[in-house]
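Peer 1: Can you keep this structure in mind? I'll have questions shortly.
Just so it is clear, none of the values below were taken in a lab; they were calculated from the coordinates. Everything numeric here is computed off the predicted structure, so don't read it as measured data. Note that we place each Cβ from the backbone using ideal geometry, even for glycine, and neighbour counts take in every protein chain shown.
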Amino acid sequence: MQYLNDGVFIFDKDRKIVLFNPACEQIVGFSAEEITKNESNCFDIFQCHSSDGECMAICPGLDLFKEKRTKIAREYLIKTKEGKQKRVVTNYSIIKDDNNRIEYVVGVMHDITEEKMFNEELVRSKTLSTLGQYSNELAHEIKNPLNAISIQMSLLEREIGKHDLSTGEELADVVRVVKEEISRLNKLAKDCLSFSKSGDLERTEEDIRQIIEELLSLVTPHADLNGVNIYLSMSGSCPQVFVDRDKLKQAFLNLILNAIEAMAGGGKIAINVSKKDNYLNISIKDTGPGIPDEQHDKIFDLFYSTKSGGTGVGLAITKNIIHAHGGNIRFEKLVEGAEFIIELPLS
């Protein structure tokens with residue numbers, strides 16, 4: 001049991017843990033010594049709960065003491081000592097004493113957190129790929145009718161202006177609203193086309209510092225108008241990377257513009273580039289209000305937006321570009337502001 005990859009723990013009918021192997025210690029962060037010293041029960045240690053956050057009403061292991069079954073398996077969420085959430089599958093079975101009475105229950109716990117995340121990411125990537133294909137076709141299909149409608153609205157607007165109609169002002173307002181909606185749909189169609197092509201790369205050997213400096217020369221005037229200062233720092237010398245220069249600029253630009261818009265009263269954006277193992281790390285950190293907890297799992301979703309007039313395509317494009325480079329992008333919650341970390345492979 002000392003060398004098993006799966007966690008093994010044993011508890012009695014009062015849920016008191018009497019055995020806790022090293023793999024269990026690794027999964028939840030508690031040591032066997034802590035558990036024995038405090039006479040902890042399994043609920044205090046694992047805090048088992050369902051995916052919706054509700055505590056499990058019936059402990060699967062305790063159910064075995066009722067002798068309905070000799071073994072049972074469950075998938076659920078637990079909390080570690082640090083408060084992190086992990087998804088596990090636990091197989092429970094019984095240990096009987098010499099009088100054939102159930103004395104203990106053994107739990108064999110397998111951590112499937114990374115496996116689950118990988119599967120979810122795979123499904124999400126396939127979905128985005130399919131959406132990219134359809135969005136390309138859809139955008140082309142709707143652009144021509146939208147342009148025709150826009151032309152007709154302009155003609156109607158001109159005709160209304162020629163005649164002194166009692167309802168002229170009211171009709172003009174109707175035309176204005178329709179034209180605004182057409183403009184919004186045109187922007188969505190343009191964003192869909194951008195998303196569908198975001199994974200098509202034309203790579204060359206590039207200096208990442210030069211790419212970011214060129215981008216900052218364009219965006220700094222806009223940042224200055226909004227009271228936002230942008231700082232760039234490099235940790236050591238960074239080798240050249242094999243990337244699509246324009247696509248990478250677009251990915252960085254989406255993150256920087258989002259940060260500027262989030263800091264309506266001004267603030268700071270710190271961009272740091274460093275080399276770690278075989279990856280180039282680009283951190284973009286702001287001092288804005290941060291991102292609410294309920295939005296953390298949705299911010300990279302296609303068409304998800306909390307901004308007025310936003311299409312919810314920008315961050316999805318950014319993620320698609322980074323993934324197409326074989327990299328990764330993640331979000332870190334800070335005490336003040338937010339941080340996006342991009343990892344680009346050097347090879």
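Peer 1: Report the gain in length on full extension from M117 to L225: 0.36 nm times residue separation, minus Cα-Cα distance, nm rounded to one decimal.
Peer 2: 34.8 nm
Peer 1: Further question: Of the listed pairs K13/K71; K116/K285; K285/K319; K86/K116; K179/K319; K179/K247, which have alpha-carbon separations greater than 20 Å here?
Peer 2: Checking Cα-Cα distances, K116/K285; K179/K319; K179/K247 exceed 20 Å.
Peer 1: Give me the lysines in straight-line cross-link reach of K37: C-alpha distance below 17 Å, same-chain residues under 8 apart excluded.
Peer 2: Here the lysines satisfying the reach criterion relative to K37 are K16, K81.
Peer 1: I want the local charge near G227. Using Cβ-Cβ distances under 15 Å, sum +1 for each Lys or Arg and -1 for each Asp or Glu among the other residues.
Peer 2: Net charge around G227: -2.
Peer 1: Karplus couplings for region 79-85 from phi (6.51 cos²θ - 1.76 cosθ + 1.60, θ = phi - 60°), rounded to Hz, Gly and Pro as x?
Peer 2: 10, 7, 4, 7, x, 6, 9
Peer 1: For region 14-60, just the Cα atoms, rotate onto the principal axes and tell me the three extents in Å, largest first.
Peer 2: Rounded to whole Å, the extents work out to 31, 23, 15 Å.
Peer 1: Continuing with the same structure: Using mean Cβ contacts within 10 Å as the protection proxy, how do 90-96, 217-223 order, highest first?
Peer 2: Packing order, densest peptide first, comes out as 90-96, 217-223.
Peer 1: Just the Kirkwood number for region 204-345, please: inverse of mean 1/r across all distinct Cα pairs, in Å, one decimal.
Peer 2: Every distinct Cα pair counted, the radius reaches 15.4 Å.
Peer 1: Sticking with this one: Find how much the distance from K16 to A264 grows on full extension, using 0.36 nm per residue of separation minus their present alpha carbon separation; answer in nm with one decimal.
Peer 2: That works out to 83.9 nm of additional length.
Peer 1: To one decimal place, what orientation-averaged projected area in nm² is obtained for the convex hull of the Cα set of region 39-121?
Peer 2: The Cα convex hull of region 39-121, projected and averaged over all directions, gives 6.6 nm².
Peer 1: Determine the percent antiparallel among the DSSP beta bridges restricted to region 204-345, to the nearest 5.
Peer 2: Around 75 percent antiparallel, to the nearest 5.
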